[in-house]
1. Set the Förster radius R0 to 25 Å, insert the Cβ-Cβ distance between A:GLU418 and A:GLN703 as r into 1/(1 + (r/R0)^6), and round the FRET efficiency to 0.05.
2. For n ≥ 4 DSSP H runs only, could you compute -39500 (n - 2.57) per run for chain B, divide by its residues and tell me the 222 nm figure to the nearest 500?
3. Sorted by mean Cβ packing within 10 Å, highest first, what order do the peptides A:264-273, A:206-215 take?
4. Counting only protein heavy atoms and rolling a 1.4 Å probe, how much accessible area do A and B lose on contact, total for both sides, in Å² to 100?
5. Ordering A:LYS723, A:LYS186, A:LYS471 from largest to smallest accessible area (1.4 angstrom probe), what's the sequence?
6. How would B:ARG171, B:ARG15 line up by accessible area, probe 1.4 Å, largest first?
7. Could you state how much accessible area A:TRP196 has, in square angstrom rounded to the nearest 10, with a 1.4 Å probe and all protein chains kept in place?
8. Peptide A:435-444: average number of partner chain Cβ atoms within 10 Å per residue?
Amino acid sequence: MLPFEEQVVADLLEDPNGGLVVLSSGLPLASLAATLLLHLHHQSSSTSSPSTSTSTAAAGCYLILSAPEALKEQIRRRLLDSQLLPVHDVGPDVPAAHRRALYTSSSGAALFLTPRVLAADLLTAHLSPTRVGALLLLAAHRASDTSSDAFIARLLRQRRLLPVYAFSDRPHAMVAGFAKAERAMKSLYIRRLHLWPRFHVLAAADLERAPPEVIDVRVPMTPPMVGIQAAILDAMDACLKELRRTNKVDVEDLTVDKGLFKSFDEIVRRQLDPLWHTLGKKTKQLVADLRTLRKLLDYLLRYDAVTYLTYLDTLRVSEGVRSVWILADSSHKIFELAKRRVYQVTRPDGTKVITSIKRTPTKKRKVADTSSNKGKETENEDSTTNKDDAQKVNALEEVLEEAPKWKVLRELLQEIAEEQSKGDAVVHEDESGIVLVACKDERSCLQLQECISKGPQQVMRDEWEKYLLGKAELHGLHKKKKKRQSQQPKGFGVLDGEFPAGPSEDAGPVSIRNLETNALLAAASGISKLNKEADVKDDSVASCSKRGSIKGKGKGVPKKIVTKRQASNRKKKSTTENENCQGTDVEASDKTDEQSEIDVSKVSAKDDKQSEIDVSNVTAKDASPASTADNAENLIDAKMLPPVQFYALDSDQHVLDTWKPSVIIVYHPDITFVREIEVYKAENPLKKLKVYFLFYEESSEVQKFESSIRRENEAFESLIRQKSLMMIPVDQSGRCLGPTPASEPEPILSQNSLTRKAGGRRATEKDMQVIVDMREFMSSLPNVLHQKGIRIIPVTLEVGDYVLSPLICVERKSISDLFQSFASGRLYNQVETMIRYYKIPVLLIEFSQDKSFSFQSASEVGDDVSPTNIISKLSLLVLHFPRLRIVWSRSLHATADIFISLKTNQDEPDETKAMRVGVPSEDGVVEDDVRAENYNTSAIEFLRRLPGVTDANYRAIMDGCGSLADLALLPVERLAELMGSQKGARTLKEFLDAKCPSMIS
Amino acid sequence: TAASQSKNAILVSNRQKGNPLLKHIRNARWTFADIVPDYVIGQSSCALYISLRYHLLHPDYLYYRIRELQKNFKLRVILCHIDIEDVVKPLHEVTRTSLLHDCTLLCGWSLEECGRYLETIKVFENKPADSIREHTDSDYLSRFTHALTSIRRVNKTDVITLGSSFGSLSRIMDASMEELARCPGIGERKVKRLYDTFHEPFKRVT
């Protein structure tokens, strides 16, 4: 643990109300939480006997809410290491009885819980607040006065004054919305805000004491990549301009820079949400398009050329008709360039077939613009491969551009291996020598692993073969369905890769398209033939020979020498850079003021022009994708490589402590991971650690990385400002009053009044209660009902969501739910059963407070009665169920008021009766309240959507096989047994095993 | 023929004369008649029209109108025009009144919408509920998409990706985490969600 963490915990413990800690992402949240728990434990066990008379002798358990799996694991590990505090994971699958036992037995233990389970257990008094020592929330940015976290905090604080400790490592989420931090704190009964940005003096000092050695490697992108990036940015820009033109959004927030982040969607949605239902289709599509484009930008740097093309093809099928951007000029460019990174079609005479690409992709967009004015059709440098390859008719020339980072990675690994084998530094005992390569996702990890073992050429080839096989399959399919295809409307041209012919085009797009298709199919059939042969022959040999035949240009470059020289080249460079780096490090520790963010200063090593030039020198020579390294040679090289571990950042596992790498190559830079490295290094100050960052030069990657730092700093600055203006109401003894003090009588007081006002006046007031389905605890309505003083009885309901009285049952639908469940037909079934069992069945249509109070935009009403319109669906519903009552509610609070008003003069609902309603009697099992948790609901929903599966037989299927995976393998006879129908079983089996049409054209 | 004509038209009470709503009933025929409800839409359905603004001025009006309605209409619609900003209190009252007196409340935010409800109920008078029930038969691809998109966050692009990478639904259901992770566009979380859906038992506790 680092010294500053002690300080964080010490600060937190000062206030008996608890506190909210906001820290930079990547700082050790798990270790902080664990330390806090240990401190609490220590504190209570040392002062347990006399000091506080109110608290029971035992400390009570510590509840940890909504911890993500990875974080949970880390905290658990740390606590188990200490051996002081028992830890239990009370997941949703733990049965109620077992949970109750855990609560009563585990005083002084840490319990991990989900809010849903905890809220229900508190309401049903399975867990008494007096048994709770403290509440820990690890995702404070999600708290608001209607959130389930706040609900739980209130349920606990009402009965017992326990501290609430909240953490958030997403500062930017803490500033989203007006006075978000303050409102979150009020709702959690927290008075103090502790800010721990990375640039906090203490944190910075700890992390910068022995910083790792950092080398920043800038890899230039290939010209087509640059072109695609520019085109995507163009398209995004166009979408943004279009969005601005709607006059519905605040222009200032909408920049391409911000568009790189996921949170951009949130910004736009937050602005548009209040009027989302009134927006036209086009505006909604623009927002969706921006999301797609951001993904494309991301995948451009992450995926190899072939996979990227595949993804684009997929997109074209799934988005083609709807998207706005897909028809734009720049998107044409994206598709063309992506194709060009993979293959090129040549005419019989050997000249290239060039589809209309109007701009030369160059590094600078301005230049590109001017050349587009000339309307010149130029070739890409990389695709000018030898032109005298004339033996093939309509030959497909493979380009198969490798990702530039692959090469650099290999070189780095070789260099590291050399260093290690030289043994220039005496290897310490504790050094593993492991090289950790950190990528964004599992997929990249797998691919890089293959790159190293098989060689990048082979990887590209494998992807390419897969691609071609997909095409071949599709073609086979299309032949069968030719009739249908010919009927396709003209507008679908874009789906086939045809684009509206520009006037300047010299060849008809159709003929080009045909040429291309034929060539692709020829290559594909070649491969499928070879694959059949490969059953006999060795696979790799086959593909090698085939490569020779198609390309016919395996150049015998003495590769080994080249790589050697590069390696030594790089070596020199890195040593000079080391010096530079140390230089900046010294600088960084010199200026210890708040702005000396270590990662900024380290990244500033990138300003070192020298290094950029070096790298580009090295790679530029070999960037041309045609240059080949022999497979055999690759394999030999691989043997020389150091032990490499791959790590997917998305997996959220914290591997640094387990693998203890001595070199880390950050393949996909990520700010959180940078902090984790820093913390790891600071925790192990004696260990030697070298970190390489691989950035694509002038790419969105760099932009994204830099603006994520900027964004976080801005968030903290804003939080610092907010903190100075914050007003949290407290009572005289310094206790927080919480969000709605009026509706919360203090427990002691109310007890007194009970005794004083002879006979208990409160008892005469009707204690209202509402039965709530367990699944509804995902929403905020139970929380708000509770705020209004209604008793909530959580049970699992088969029919309806809320039971207000023996007569009134309510099915609640938010607007999006309503549309969805109309579409799926679920609503019809729900209403049908509700009508069967209750005298007053109610459909509650609940609008969101923050959104506009209307159903649809005026334009959507249209001139005619359209069966798809929501009005038609509602009308049909009320025609078929005239007994159905509809409640239109403006907001959560309005709903609560209506509930109360409907309940007056009605009897209170009976929970055991409500629970039994609609439960099939043949089941025979007594339904207990955790039923919802005991089922894999997602799997059941999936199952029920399969053909042949009906309301009557799905339970039997579930009983007969463990999971969907089992179902997939079940023979048809067994299915027939389970389903009680030969026909149904056949339908299901046929559907499961049916060959999916390959939909990518 | 007059009788049959009135059978195919919406009957409008004379009280509604001058209601601009009538301009917006264009997809169904209507005719004035001497009736108790504001509108008799079909054999068994009728409607009362109220605007929230009017309700604010005459809070008892709706109750008295409902009391006049006979019980021989199966569907009794209160058609409420939301024509004010501050809706919570008046809408609460209208909701309560209609609910406790066996009426179905429908809200429209414009006269067009209100008119459309009347038209639609007339036009759909004898229409089966197929379009709001679960669709039973359709082509392979829609069923395939329908099933896979039941899993949260799985979109149409993912469906196509999965379909073309694995070849059949049973192969997808049996796929390993690693195989799923290899599909472009399917991130870590989606992989886990897919895998869990297929491999976690239907019943978690036996």
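The values are calculated or read from the model by the stated rules, or taken from the named source; none is laboratory data. Please read these numbers as outputs of a predicted model, since none were measured by experiment. Note that we place each Cβ from the backbone using ideal geometry, even for glycine, and neighbour counts take in every protein chain shown. Just the protein is used for accessible areas: all its heavy atoms, side chains included, with ligands, DNA and RNA removed. Shrake-Rupley method; radii C 1.70, N 1.55, O 1.52, S 1.80 Å.
1. Numbers: r = 33 Å, r/R0 = 1.34.
Between A:GLU418 and A:GLN703 the formula returns 0.15.
2. Working: 10 runs with 88 residues, N = 206.
After summing the helix terms and dividing by the residues of chain B, the value is -12000 deg cm²/dmol.
3. Numbers: A:264-273: 17.0, A:206-215: 20.2.
In decreasing order of mean packing, A:264-273, A:206-215 become A:206-215, A:264-273.
4. Working: alone 46460 and 13830 Å², together 52320 Å².
Counting protein atoms only, the buried area is about 8000 Å².
5. Details: A:LYS723 95, A:LYS186 65, A:LYS471 25 Å².
Output order, biggest surface exposure first: A:LYS723, A:LYS186, A:LYS471.
6. Working: B:ARG171 95, B:ARG15 135 Å².
If we order B:ARG171, B:ARG15 from most to least accessible, we get B:ARG15, B:ARG171.
7. We get 10 Å² for A:TRP196.
8. Working: counts 0, 0, 0, 0, 0, 2, 5, 9, 11, 1.
Taking all residues of A:435-444 together, the mean is 3.
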